[in-house]
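*Asks:* Before anything else, here's the structure in question.
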Amino acid sequence: MNHPQIVSRDEWLVARKELLAREKEATRARDALSAERRKLPMVRIDKQYTFAGPHGPVRLLDLFEGRPQLIIHHFMFDPDWDEGCSSCTVFENDRCHLPYLHARNTSYAVVSRAPLSKIEAYKQHMGWDVPWYSSFGSDFNYDFHVTMDEAIAPIEYNYRSKTENEQAGTAGYNTGEQPGVSVFLRDGDSIFHTYSTFARGVELLVPTANYLDLTPLGRQDA
């Protein structure tokens with residue numbers, strides 16, 4: 001492993017200020033990108049999705065809990081698995097404090113294709129109290145491109161077709177469960193899909209990864 005070069009404090013300060021200038025550029029670029037994201041057009045959701053919840057069936061509208069905005073974590077949990085995805089588990093352990101979102105008129109929910117009994121068992125094992133629902137038996141995961149099964153729907157992940165993923169060297173995205181986050185806006189009983197991000201786009205929402213990016217050893221993974 002290559003370690004950083006050892007220099008004097010004055011030499012370090014010169015290098016740090018050069019990097020700071022680039023960091024400021026990236027911050028301004030990120031702010032501009034976030035502004036563009038907020039201006040994205042929306043798609044009305046006309047299909048009626050029903051999920052299994054701990055207190056019975058719920059609609060997508062119910063997941064808003066009366067608030068105008070909803071963020072959904074598409075947690076990878078295949079119906080045949082006994083436990084949820086390890087990477088999604090790290091993501092969920094790292095999520096922000098939900099009352100902070102609620103104070104900004106935004107609800108948060110987790111949705112997986114595993115049956116509710118497995119979800120509840122894993123949720124209890126992890127000690128989580130996050131709202132978590134099962135989309136088992138519905139089109140939700142396929143319509144939002146986080147479960148890949150050509151027998152049910154054409155392959156599309158991270159806005160690439162099956163062929164495009166193969167050409168890009170990301171053919172692993174063409175099968176099974178995949179990670180993602182989707183955002184919705186509510187106007188009365190009308191629901192609109194405003195944004196989804198997949199693959200490495202989810203990294204922005206993992207604080208531990210961003211903390212590790214500040215260190216010399218980085219994330220220490222591939």
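*Asks:* Applying the Karplus parametrisation 6.51 cos²θ - 1.76 cosθ + 1.60 with θ = phi - 60° to the phi angles of region 146-159, what ³J(HN,Hα) value in whole Hz is obtained for each residue in order, glycine and proline being reported as x?
*Replies:* Here the 3J(HN,Hα) series is 10, 10, 9, 7, 4, 5, 10, 8, x, 6, 8, 9, 6, 6 Hz.
*Asks:* I've got another one for you. Rounded to the nearest 20 Debye, what is the dipole magnitude of the chain about its Cα centre when Lys and Arg each give +1 and Asp and Glu each give -1 at the C-beta? All intermediate terms of the calculation are to be shown ahead of the outcome.
*Replies:* On the way: 24 positive and 31 negative charges, 181 e Å.
Here the chain has a charge dipole of around 860 debye.
*Asks:* Further question on the same structure: Kindly express, to the nearest 10 degrees and within the range 0 to 90, the angle between helix 116-126's C-alpha long axis and the longest C-alpha principal axis of the chain.
*Replies:* 30 degrees
*Asks:* Please name which of Val181, Ser138, Phe51 has its Cα lying farthest along the dipole of the chain towards the positive end, using unit charges on Cβ (Lys, Arg +1; Asp, Glu -1) and the Cα centre as origin.
*Replies:* Farthest towards the positive pole: Val181.
*Asks:* If you filter region 57-142 for trypsin sites (Lys or Arg not before Pro), then keep DSSP loop positions with at most 11 other Cβ within 10 Å, what is left?
*Replies:* Within region 57-142, the qualifying trypsin sites (Lys or Arg not before Pro) (loop, at most 11 other Cβ atoms within 10 Å) are Arg104.
*Asks:* Can you give the % of DSSP beta bridges in the chain that are antiparallel, to the nearest 5?
*Replies:* Numbers: 25 of 34 bridges.
The antiparallel fraction comes to roughly 75 percent.
*Asks:* To continue, here is another question. State the label only: which of (i) 19.6; (ii) 17.5; (iii) 18.5 corresponds to Kirkwood radius over Cα pairs in Å computed from the shown model?
*Replies:* Structure-derived value, by its label: (i).
*Asks:* At a 1.4 Å probe radius, carbon and sulfur cover how many percent of the accessible area of the chain?
*Replies:* Of all accessible area on the chain, carbon and sulfur atoms account for 52 percent.
*Asks:* Quick check: the angle from helix 9-38's long axis to the longest principal axis of the chain, C-alpha only, nearest 10 degrees?
*Replies:* Roughly 30 degrees between the two axes.
*Asks:* Next question. Over all directions, what mean area does the Cα convex hull of region 138-211 project, stated in square nanometres?
*Replies:* Taking a quarter of the hull surface, the average projection is 6.4 nm².
*Asks:* Sum up the charges of everything whose Cβ sits under 15 Å from the Cβ of Trp128, counting Lys and Arg as +1 and Asp and Glu as -1, but leave Trp128 out.
*Replies:* Around Trp128, the charge tally is -2.
*Asks:* Also, I was wondering about something else. Would you kindly state how much longer the chain becomes between Ala171 and Arg200 on full extension, computed as 0.36 nm times their sequence separation minus their alpha carbon distance, in nm to one decimal?
*Replies:* 8.9 nm
*Asks:* For the chain, can you list the cysteines whose C-beta has no other cysteine C-beta under 4.7 Å from it?
*Replies:* So far as the 4.7 Å Cβ criterion goes, Cys96 stand without a partner in the chain.
*Asks:* Related question: Between Arg44 and Val130, take the C-beta separation as r, use R0 = 22 Å, and let me know the FRET efficiency to the nearest 0.05.
*Replies:* Using R0 = 22 Å, I get an efficiency of 0.20.
*Asks:* Across every pair of different alpha-carbon atoms, what Kirkwood hydrodynamic radius in Å does region 79-132 reach?
*Replies:* One over the average 1/r among Cα pairs gives 12.0 Å for region 79-132.
*Asks:* At a Förster radius of 35 Å, what calculated FRET efficiency corresponds to the Cβ-Cβ distance of His3 and Ser87, to the nearest 0.05?
*Replies:* 0.80
*Asks:* Next up: Between Thr27, Thr89, Pro79, whose Cα lies farthest towards the positive end of the dipole of the chain when Lys and Arg beta carbons carry +1 and Asp and Glu beta carbons carry -1, centred on the Cα centre?
*Replies:* Result: Thr27, furthest along the dipole toward the positive end.
*Asks:* Would you mind working out the accessible area per residue for the chain, using a 1.4 Å probe, and quoting it in Å²?
*Replies:* For the chain, the solvent-accessible area averages 63 Å² per residue.
The values are calculated or read from the model by the stated rules, or taken from the named source; none is laboratory data. Keep in mind it's a predicted model, so treat the numbers as computed, not measured. Note: ideal-geometry Cβ built from the backbone for every residue, glycine included; neighbour counts use all protein chains shown. Calculation scope for accessible area: heavy atoms of the full protein, side chains included, ligands and nucleic acids excluded. Shrake-Rupley method; radii C 1.70, N 1.55, O 1.52, S 1.80 Å.
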